[in-house]
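Here is the structure we will look at.
The values are calculated or read from the model by the stated rules, or taken from the named source; none is laboratory data. None of these values were measured; they are calculated from a predicted model. Please note: Cβ atoms are built from the backbone with ideal geometry, for glycine as well, and neighbour counts cover all protein chains shown. Protein only, heavy atoms only, side chains kept; ligands, DNA and RNA dropped before computing areas. Shrake-Rupley method; radii C 1.70, N 1.55, O 1.52, S 1.80 Å.
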Amino acid sequence: MSCDLQCYLISLENSKKINLLNLKPIILGRNKETEVKDSLISRKQIVIYSITDERNVKLKVIGKAVSGCNGLALHNNVVYTIGPHDIIELRLGYHKFKIVFEPDSESKMDSIEGNIAKKPRMESASISTESNVEKNECKFLEGSWIEVDNKELLVYTPENCECRAKIAGFDIDGTIIKTKSGARFPKNSDDWTWNLGNVKSQLRELFKNGYKLVFFTNQLGLWNNNSKTNDFKKKIENIIKAINLPIQVFISVGKRLYRKPRTGMWDKLVKMNDNITIDVDNSFFVGDAAGREKNWAPKKNKDHSLSDRLFAMNIGLKFYTPEEYFLKHRAAPFKMPEFDPRIDTSHLSYPDISFNKQNVVVMVGGPGSGKSNFVKDTLIPMGYVHVSRDQLGSWQKCVKVMEEALDKNKNVVIDNTNVDKETRQRFIQPAKQRNIDIRCFIMDVSISQMRHNNLFREITDQSHAIVSDIIIYSYRKNYQEPDLSEGFAQILKIPFIGKFTNKSHEKLYKTFLLD
Ligand SMILES: Nc1ncnc2c1ncn2[C@@H]1O[C@H](COP(=O)(O)OP(=O)(O)OP(=O)(O)O)[C@@H](O)[C@H]1O
């Protein structure tokens with residue numbers, strides 16, 4: 001063997017070259033030698049030396065992180081023998097160093113920029129050890145929690161969780177687990193068992209087939225409750241431990257962006273996937289909130305919601321119910337929501353709203369029906385004085401401001417819900433007394449679209465007071481259809497035409513938001 005033979009570790013991140021001396025151990029870790037700053041890695045992570053004459057390298061993991069070789073996890077305190085071109089990962093999947101012997105008699109073409117870096121060898125053939133590393137070993141190693149956006153989202157990531165392109169996503173309650181007691185809601189954090197017998201083995205199969213396993217769950221009940229949150233975290237850790245796979249878990253605690261069917265949890269996963277683009281076409285999501293009607297199977301209740309199916313739809317993922325996925329049942333029928341936000345409205349147009357005399361426009365429409373948006377877009381630019389109870393505080397003030405404007409020969413728009421005849425008369429009478437025409441513009445928007453719009457506003461505009469569903473349903477209950485006999489010179493129906501100031505709002509609006 002030539003005495004000129006040298007062994008190096010070459011960083012695949014920055015081409016840094018570390019000389020491995022014959023039979024002289026050095027320490028790799030979060031240190032100057034490697035230039036790695038990853039806090040999950042110990043300063044003393046791996047002990048390593050070369051046996052240059054034999055063209056091999058011995059190493060032992062001694063630090064807190066899970067280190068790897070050629071994509072496989074290494075055990076701590078086990079001596080491994082590896083060889084030229086093997087790739088050491090200081091933390092499994094990260095901070096890769098290739099073993100290079102120079103001169104390289106095996107591959108003259110080999111270079112960091114060349115074939116090895118682009119096509120890293122994944123086989124474990126060259127690892128020999130005093131204990132075996134199984135090729136598909138997939139154990140779970142305890143991880144850590146992070147809190148996002150003022151605890152609206154909690155994320156659990158096991159230490160050896162790898163970022164992968166294919167995602168197998170699952171809801172938890174009613175999908176992975178069910179209550180042991182048979183109660184609808186768990187009685188305590190131990191009240192769980194596997195939902196279906198083969199959940200665990202199917203998850204293992206997916207993991208072996210290259211999927212990253214991710215759980216997504218809505219847990220509004222944890223909001224502002226530290227003790228419940230801690231119990232729930234423990235429960236999640238127990239479930240993952242029992243499955244014994246590195247599964248990442250997203251818990252939506254808040255009401256807004258992260259709650260399924262909204263895509264906040266998925267968007268966060270995309271950002272946390274270490275620049276690996278997610279292969280949406282080959283990923284999927286499984287959940288029991290699928291909108292199935294009562295008796296979708298013998299004696300089965302109606303699903304409590306549709307949020308899991310809509311979550312998948314919003315992202316563009318294939319969707320399965322637990323029965324379809326785990327038991328291979330045929331797809332059950334389901335009911336879609338009344339309002340579909342994806343529908344294109346660009347072909348619609350407003351009716352002719354011009355008028356050749358002084359007039360008052362009384363808007364009629366529930367909370368979130370888009371009255372203010374319409375008024376701002378159309379009537380205000382035409383010179384109408386904007387009268388709104390939201391801004392003035394009481395209907396009496398609205399009447400006063402309207403009268404003052406009318407007496408100055410101005411046109412006026414009353415931008416209130418104006419739900420019934422009595423409310424509308426408050427504005428019709430003073431106009432009539434002045435012989436001024438009154439028109440009525442009704443927002444042609446369904447109750448479910450109003451709910452969608454309100455939620456959209458809640459997410460995008462925190463300055464506006466939150467409108468509860470109760471207020472919207474009370475609008476529906478009290479609604480009296482406007483009629484010419486009330487004193488209107490004209491009644492027009494105003495369609496909802498989507499108009500957006502920015503792309504991200506448009507994207508959000510066009511997803512299913514209601515659960
Ligand atoms: N034409 C539109 N295109 C896109 N989004 C719209 C449109 N109209 C309204 N929205 C959105 O719907 C939400 C409610 O709209 P808006 O405030 O105009 O309703 P409103 O009927 O005036 O409600 P309220 O009576 O509660 O004040 C807002 O977030 C708004 O941005």
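In the condition set (1) touching a helix residue (DSSP H, G or I) at 6+ places or on another chain (Cβ under 9 Å); (2) open to solvent by less than 70 Å² (accessible area, probe 1.4 Å), Ser474 is compliant with all but (1). Of all positions in the range 150-172, at least one carries a residue that is farther than 29 Å from Lys58 by Cβ, modelled with pLDDT of 95 or more and in contact with a Leu (Cβ under 6 Å, 6 or more places away or on another chain).
Each row is one residue, and each column tells you yes or no for (1) at pLDDT below 95; (2) more than 10 Å from the ligand (Cβ to nearest atom); (3) open to solvent by 60 Å² or more (accessible area, probe 1.4 Å); (4) out of contact with any Pro (no Cβ under 7 Å at 6 or more places or on another chain).
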site: Thr417; (1), (2), (3), (4): no, no, no, no
site: Phe427; (1), (2), (3), (4): no, yes, no, yes
site: Pro430; (1), (2), (3), (4): no, yes, no, yes
site: His452; (1), (2), (3), (4): no, no, no, no
site: Glu486; (1), (2), (3), (4): no, yes, no, yes
site: Phe512; (1), (2), (3), (4): no, yes, no, no
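Take Ile82 and decide whether it is farther than 26 Å from Glu159 by Cα, of a type in the set (A, V, I, L, M) and either assigned by TED's automatic domain parsing to the domain that holds Pro25 or modelled with pLDDT under 80 (or both). It is false that Ile82 is farther than 26 Å from Glu159 by Cα, of a type in the set (A, V, I, L, M) and either assigned by TED's automatic domain parsing to the domain that holds Pro25 or modelled with pLDDT under 80 (or both). Among residues of the range 353-367 that are within 15 Å of Asp420 (Cα to Cα), those with a beta-carbon under 6 Å from a residue that is outside any strand (DSSP E or B) and among the aliphatic types (A, V, I, L, M) at least six positions away or on a different chain give the pairs Gly366/Met450; Gly366/Ile472; Pro367/Val467; Pro367/Ile471; Pro367/Ile472. Residues that are of a type outside the set (Val, Ile, Thr) and buried (at least 17 other Cβ atoms within 10 Å of the Cβ) were ranked within the range 454-468; the one that is nearest to the ligand (Cβ to nearest atom) is Arg457. Checking Ala168 against (1) open to solvent by 30 Å² or more (accessible area, probe 1.4 Å); (2) closer than 26 Å to Pro261 by Cβ: exactly one of these is not met. Which one? That leaves (1) as the condition not met.
I need the full set of residues from the range 338-347 which are out of contact with any helix residue (DSSP H, G or I) (no Cβ under 7 Å at 6 or more places or on another chain) and open to solvent by 70 Å² or more (accessible area, probe 1.4 Å), in order please.
We begin by selecting, within the range 338-347, every residue out of contact with any helix residue (DSSP H, G or I) (no Cβ under 7 Å at 6 or more places or on another chain); these are 340, 342-347.
Arg342, Ile343, Asp344, Ser346, His347, listed by residue number.
So for the range 97-106 (the condition being open to solvent by 30 Å² or more (accessible area, probe 1.4 Å) and within 40 Å of the chain's Cα centre (by Cα)), does at least one residue qualify?
No, the range 97-106 has no match at all.
Among the residues of the range 16-43, those identified as open to solvent by 60 Å² or more (accessible area, probe 1.4 Å) and either free of Cβ contacts under 8 Å to residues at least 12 places away in the same chain or among the hydroxyl-bearing types (Ser, Thr, Tyr) (or both) are Lys17, Lys32, Lys37, Ser39.
Report every pair of residues separated by at least 6 positions or lying on different chains whose Cβ atoms are under 7 Å apart, first residue within the range 182-205 and polar (S, T, N, Q), second surrounded by fewer than 13 Cβ atoms within 10 Å (Cβ to Cβ) and assigned to a helix (DSSP H, G or I). From residues that are polar (S, T, N, Q), the pairs are Ser189/Lys234.
Among the residues of the range 363-414, the ones that are in a loop (DSSP other than H, G, I, E, B), open to solvent by less than 10 Å² (accessible area, probe 1.4 Å) and within 11 Å of the ligand (Cβ to nearest atom) come to 4 in all. Does Phe326 satisfy the criteria of being under 18 Å from Lys507 (Cα atoms), open to solvent by less than 30 Å² (accessible area, probe 1.4 Å) and away from the ligand (no atom under 13 Å from the Cβ)? No.
Taking the options Thr157, Thr229, name whichever one is in the same structural domain as Met265 (by TED's automatic domain parsing), part of a helix (DSSP H, G or I), under 23 Å from the mean Cα position of the chain (by Cα) and hydroxyl-bearing (Ser, Thr, Tyr). First the steps, then the outcome.
Working: Thr157 fails: part of a helix (DSSP H, G or I).
Answer to the selection: Thr229.
When you go through Asp171, Asp190 one by one, which is the residue that is within 18 Å of the chain's Cα centre (by Cα) and not small (Gly, Ala, Ser)? Sole residue among the options that is within 18 Å of the chain's Cα centre (by Cα) and not small (Gly, Ala, Ser): Asp171.
From the list Asp352, Asp288, the one residue that fits, being open to solvent by 10 Å² or more (accessible area, probe 1.4 Å), under 26 Å from Ser201 (Cβ atoms) and in a loop (DSSP other than H, G, I, E, B), is Asp288.
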